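The values are calculated or read from the model by the stated rules, or taken from the named source; none is laboratory data. Being a predicted model, the structure only gives us computed values, none of them experimental. FYI the Cβ positions are ideal-geometry reconstructions off the backbone, even for glycines, and counts take in every protein chain you see.
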Amino acid sequence: MKQKIFFIFLIFAFPFFSFAFSLGESVEFSIDHSLDLEKRETIQAILQNISPKTLFYVETEWWNSLSNYEKTRVNNALNSLGYEFNNTIYPKFSSMFNFDKKERITVLIHRMNNDFGGYFNSGDQYSRFQYPRSNERDMVYLNADIITNEFNHIYLTHEFFHLITFWQKEKKHNVREEVWLNEARADYSANLIGYNTNSLAEKRIENFKKNFNISLLEWTNQEPDYGAAYLFINYLVDHYGQKVIIDSLLNNKTGIASLEQALRDNGFRETFSEIFSNWSIALLINDCSLGSKYCYSNSLFQNFKIVPKINYLPRTRTSEMLLTFIAKNWSNNWHRITGGSGDLSLRISIENNVNIKVPYVLCHLDCVIDFLPVKSGKAELLVKDFGNNNSNITILPFIQNKFSEFNGLEPSYIFSLEISTFEKEQESLREQLLAQIAYLQAEIVRLQTELATRQGTCIISNNLYFGLMNSTEVKCLQEFLKNQGSQIYSAGLITGNFLSLTKEAVIKFQEYYKKDILEPLGLEKGTGYVGQKTREKINQLKGR
């Protein structure tokens, strides 16, 4: 149940044939060697149990290794599992999805790696002429280790749901479901039956805690993938009902499009982007008093909250901080800023003008939820008197640059987050000073440009930071750093691109002149961000 594998082939499924079956018969099956405990490609299995809707085959070698007592336990489990499948699982899914097969469902039980509950192989749905390793059956696979487990019916439900998904999407509509949604629905399928899924919910929360920041839609078949998918699908059902999940499987679309179609069919106007954004906020605050969409109503998730990355600003008159982080399409990111003194300025940007959305939660005694306006991959926010009137702000930027065809690894993008605080002034004096500063800065730039033109040298007039590309001022910075010697800028590259080697050189330069650059800002270590103090020192050394 923990991980599954899929083989998808763009060919026509073959018609299955009816066979006569007898208990104790031995059959050779092809299996997935990557999931098998002993890496085998085929095994012999004994037909150990027959019910109106199932055939339970058990790996011969494993069966023969069991004691009589253990065999009795397995047989009892198979009887119970067959009864549950015939009377609960199959009838309910048959009614929901108009799924009615004349042939029995084959369940093959063999030893697997310990962290697998089972799997479904769509290759079995084709003839051996089309897929040579096909078992030419409607079938699923279960790990021998879970057969006597009290939750074996949940594992069987999950794998059987993959079979239903194949018939609904690939056989009926000739479309291939995206793995993330296929797994999310299969994990939720036990809820559709009405089974107690408390243990599964606890397990998926622990899975998610191992990596909060993974992409929901990029499937790497790791534990956090299952955690994210399960938490999202439960949030979706919490607010839009189970019928959205059912209808999304019945329509002829896949992935995001199938969910949005099901939402519209059920009278909802929200887009996937809006739901993802609300879910991300709910994972952070999980508080219905701040809005009905910002929490889980299901008691299994009501006490769950993620812990965001926390960035503390020193309580000095001014402070600056530059953060960079990598993210993928539809991955959650939570960055909390606290501390500082005076007004707070936030600037967030992403390379290549990628399409992003930036919710934020600003808290003191109460919390306010809003969105930063985004233009060309950049967003800004100014919070007045942040240090006194607010305890923290959390931004939740995510990338929404792609909406379909999520069946492989996704590209990574670099976010840059500039944070600065400055002391609040009286408004009239502040406006006057800002106007004077703007005039003087313009004059300085004009005079420096004129002087540089005459002398054939370059100047740095703006703040520079990691991620800037093809910048004349970055070239100027790199030339200056190179002239400081190899102990500062050993690479000595002049490219105009502010990347890791340039950042490392800036940090060395800042720490070399720590007294002039870092200590006035209350910092101990270099940041790699070329702000006002760093530029002042550079210009001083350049004789300006």
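Condition (residue is under 27 Å from Glu519 (Cβ atoms) and surrounded by 18 or more Cβ atoms within 10 Å (Cβ to Cβ)) applied to segment 363-386: is it met by at least one residue? The answer is yes; a qualifying residue exists. Between Ser122, Ser199, the distinction of being hydroxyl-bearing (Ser, Thr, Tyr) and closer than 23 Å to Arg104 by Cα belongs to Ser122 only. Taking first residues from segment 21-37 that are in a strand (DSSP E or B) and partners that are surrounded by 14 or more Cβ atoms within 10 Å (Cβ to Cβ) and of a type in the set (Phe, Trp, Tyr), the Cβ contacts under 8 Å between residues at least 6 apart in sequence or on separate chains come to Val27/Tyr57; Phe29/Tyr57. Would you point out which residue out of Leu66, Leu81 is within 25 Å of Glu25 (Cα to Cα) and within 38 Å of the chain's Cα centre (by Cα)? Going through Leu66, Leu81 in turn, just one is within 25 Å of Glu25 (Cα to Cα) and within 38 Å of the chain's Cα centre (by Cα): Leu81. Of all residues in segment 47-58, exactly one satisfies the criterion of being surrounded by fewer than 17 Cβ atoms within 10 Å (Cβ to Cβ) and within 15 Å of Asn75 (Cβ to Cβ), namely Ile50.
Summed over segment 390-403, the residues that are over 17 Å from Ser331 (Cβ atoms) and either loosely packed, with under 12 Cβ neighbours inside 10 Å or at pLDDT 90 or above (or both) give a count of 2. Only strands (runs of 3 or more DSSP E) whose full extent lies in segment 270-357 are considered here, and the ones with at least 2 residues that are free of Cβ contacts under 8 Å to residues at least 60 places away in the same chain are 309-313, 335-339.
Yes or no: Phe386 modelled with pLDDT of 90 or more and aromatic (Phe, Trp, Tyr)?
no
Go through the residues of segment 237-251 one by one and say whether even a single one is outside any helix (DSSP H, G or I) and surrounded by fewer than 23 Cβ atoms within 10 Å (Cβ to Cβ). Scanning segment 237-251, I find at least one residue that is outside any helix (DSSP H, G or I) and surrounded by fewer than 23 Cβ atoms within 10 Å (Cβ to Cβ), so the answer is yes.
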